[in-house]
């Protein structure tokens with residue numbers, strides 16, 4: 001009887017550890033995907049801002065030429081700058097508001113502790 005209970009406890013414990021390791025693995029994968037996405041978004045934002053600076057400089061050169069070219073160049077500069085700034089804002093919001101690195105496994109461990117506490121209280125009654 002005691003050996004059977006001990007065996008069942010051991011298997012349950014190993015299963016819990018395996019599940020927690022799987023959750024930790026998923027957390028690491030999600031963090032890596034978020035980081036790569038933020039990196040790519042940041043690179044595109046940097047590219048758009050760099051293009052807007054180049055177009056802005058070009059706009060200063062064109063300032064004394066025809067007025068239609070100045071208008072088009074100004075619009076292109078604004079669009080590139082606005083796109084770059086928007087991408088940076090999106091990137092920082094995703095990094096700030098994303099889940100923590102091991103939030104999934106910490107939540108599951110908290111559930112385990114609650115279940116153990118409930119079981120202890122039930123045995124104490």
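Taken together, the values in this text are just the output of simple stated rules run on the coordinates, not laboratory data. If you're wondering where the values come from, they're calculated on a predicted model, not measured in any experiment. For neighbour counting, all protein chains shown are included, and Cβ atoms are generated from backbone atoms with ideal geometry for every residue, glycine included.
Some notes on this structure:
- Rounded tilt (10° steps) of 67-97 against the dominant C-alpha axis of the chain: 10
- Shown here: Rg and Dmax of the Cα atoms in Å, derived from the displayed model; of the candidates (1) 27.9, 95; (2) 13.8, 38; (3) 18.7, 56, it corresponds to (1).
- Taking 52, 25 and counting other C-beta atoms within 10 Å, the order from fewest to most: 25, 52
- Shown is the FRET efficiency for residue 57 and residue 92, computed with R0 = 30 Å from the Cβ-Cβ distance and rounded to the nearest 0.05: 0.65.
- Neighbour-count order for 110, 22, fewest beta carbons within 10 angstrom listed first: 110, 22
- Three-way shape label, the stretch 1-63, alpha-carbon gyration tensor, a/c 1.5: prolate
- Relative contact order for the chain, counting Cα pairs under 8 Å that sit 6 or more residues apart, in percent: 35
- Using 0.36 nm per residue and subtracting the Cα-Cα separation, the extra length available between residue 24 and residue 120 on full extension is 31.9 nm.
- Sequence ranges 28-41, 72-85, ranked by mean other-Cβ count within 10 angstrom, highest first: 72-85, 28-41
- Packing-based exposure ordering (other Cβ within 10 Å, fewest first) of 1, 113: 1, 113
- Between 0 and 90 degrees, the angle of helix 103-124 with respect to the longest Cα principal axis of the chain falls at about 20 degrees.
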